[in-house]
Amino acid sequence: MSSEADYKKAVQVLFKAGGFQYPFTDTLHDILKITVKDENLDLLMAFKDNISQTMEQLKENSGLSEEEILEKADTLAKTGVIFNQPNRHGVMVYRILPFHRQFEYIFMQNLEKTEENYELARLFHKLTEEQSNVIQSNYDGMSSALKRMPPLDRTVPILENRETGKELNILLNEEVKVPTEQILPTQKIRELIDKFDDIAIGNCYCRQHQEFLGNPCKQIELTPSCMTLGKSARHTSNHGFSKLVSKEEALAILKKCEDAGLVHKAYHLHGDSSKEEVAICNCCSCCCLTARDCLIYPVVNETNYLASIDEELCIGCGTCVEKCYNKAIELNDDNKAERIEEYCVGCGVCAYLCPENAISLIEGRRLVRMLPPRK
């Protein structure tokens, strides 16, 4: 039986892959005993000096046979510990994933209501609470660090109004200067889908996790809505986290998400928006951990738009207030909608759902930085 010290060493290997570095606690230990298991620690530790290796390198570093490595790697891939896909030369590469991928991939698949899965849901929730306490105890330091943090995700806006079906009025922000040599990433979700031949769809891990905790989403029923793209789509579909879909199917799912008021978020390779997209999340305001009401960690979002409300057209119906992802819109004393700029991620949900077509988008690259509320 592996000791606590063995798992502490394993955690350090996982942290080399990036992501938030969690303190080693009983909760983290209990999660890894389920997702890694004692019998696979030897393969995980073979990555201690290099998080990305070929089969020949793993055989040398682990002392395991090829058959043993294949079996253990497949097991670890199915819990989000290892990413195994061929490189551009066709050579199979095994790479350790950041720890948070375990949560994402496990809760992306169609999970059975087993006691182990309920236990995993409870453990991940407990781990989040523990990290919230860590962040709250170092709140001033986190506030300072937020100014230097790179974006976690990028908002891809809805650029039409549902009532009219017409494209939104886009206003140019003259104060925002974008260098002419800079190429902005795709701003239209349908163009983004068109870029990829391989698209896979799985459950939203945030919403399914909340379902296991007895808190179903208030905006949409649990439905496949989390997309992986390209090599990530091949990996997630190979291991049962998702299934490959056509571009037409993907667009139909996106339309359903838009009608429910969900926000399109693109994730890029290594978190760098100059690199290719690897995933699209469709986020709600009640379950997703990047929404203002759900924040545990500091979050930075990249966007190219800001909502602009025409008070002359606004009738004060409150649709935008209800549907705003970050609670960035309020009704003022004149019963007109007002936008709070610091929280607006320019998702276009308010403009898409506005029955009076009273909302436009101002174009201009921005970063939205948010801290969880201080307790």
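The values are calculated or read from the model by the stated rules, or taken from the named source; none is laboratory data. The structure displayed is predicted, hence computed values, not measured ones. Counting neighbours? That spans all protein chains shown, and the Cβs are built from the backbone with ideal geometry, glycine included.
Points to keep in mind about this one:
- R148 being modelled with pLDDT under 90, within 30 Å of N50 (Cα to Cα) and not acidic (D, E): no
- Residues in the stretch 145-160 that are under 19 Å from E191 (Cβ atoms) and either part of a loop (DSSP other than H, G, I, E, B) or among the basic types (K, R) (or both): R154, V156, P157, I158, L159.
- Exactly one residue out of A252, A233 is surrounded by fewer than 18 Cβ atoms within 10 Å (Cβ to Cβ) and at pLDDT 95 or above: that is A252.
- Residue in the stretch 304-315 that is under 25 Å from Y205 (Cβ atoms) and part of a loop (DSSP other than H, G, I, E, B) present: no
- Residue ID - surrounded by the most Cβ atoms within 10 Å (Cβ to Cβ), chosen from residues in the stretch 192-221 that are touching a strand residue (DSSP E or B) at 6+ places or on another chain (Cβ under 6 Å) and assigned to a loop (DSSP other than H, G, I, E, B): C204
- The residues listed here are Y105, Y139, Y94; of these, the one that is farther than 30 Å from K188 by Cα, out of contact with any strand residue (DSSP E or B) (no Cβ under 8 Å at 6 or more places or on another chain) and touching a residue at least 24 places away in the same chain (Cβ under 8 Å) is Y139.
- Of all the numbered requirements in (1) of a type outside the set (G, A, S); (2) over 25 Å from I220 (Cα atoms); (3) crowded, with 20+ Cβ neighbours inside 10 Å; (4) under 17 Å from the mean Cα position of the chain (by Cα), E276 misses one, and that requirement is (3).
- Subset of the stretch 286-303 (residues that are under 22 Å from F20 (Cα atoms), in contact (Cβ under 8 Å) with a residue 60 or more places away in the chain and outside any helix (DSSP H, G or I)): C287, C288, L289, T290, L295, I296, Y297, P298, V299, V300, N301, E302
- Number of the exception - F24 against (1) assigned to a loop (DSSP other than H, G, I, E, B); (2) touching a residue at least 40 places away in the same chain (Cβ under 8 Å): (2)
- Residues that are touching a Lys or Arg at 6+ places or on another chain (Cβ under 9 Å) and under 20 Å from T290 (Cβ atoms) within the stretch 354-371 comprise R369, M370, listed in sequence order.
- Subset of the stretch 66-108 [more than 14 Å from A46 (Cβ to Cβ) and of a type in the set (G, A, S)]: A77, G80, G90
- Test for S242: is it more than 15 Å from I189 (Cβ to Cβ), polar (S, T, N, Q) and buried (at least 20 other Cβ atoms within 10 Å of the Cβ): yes
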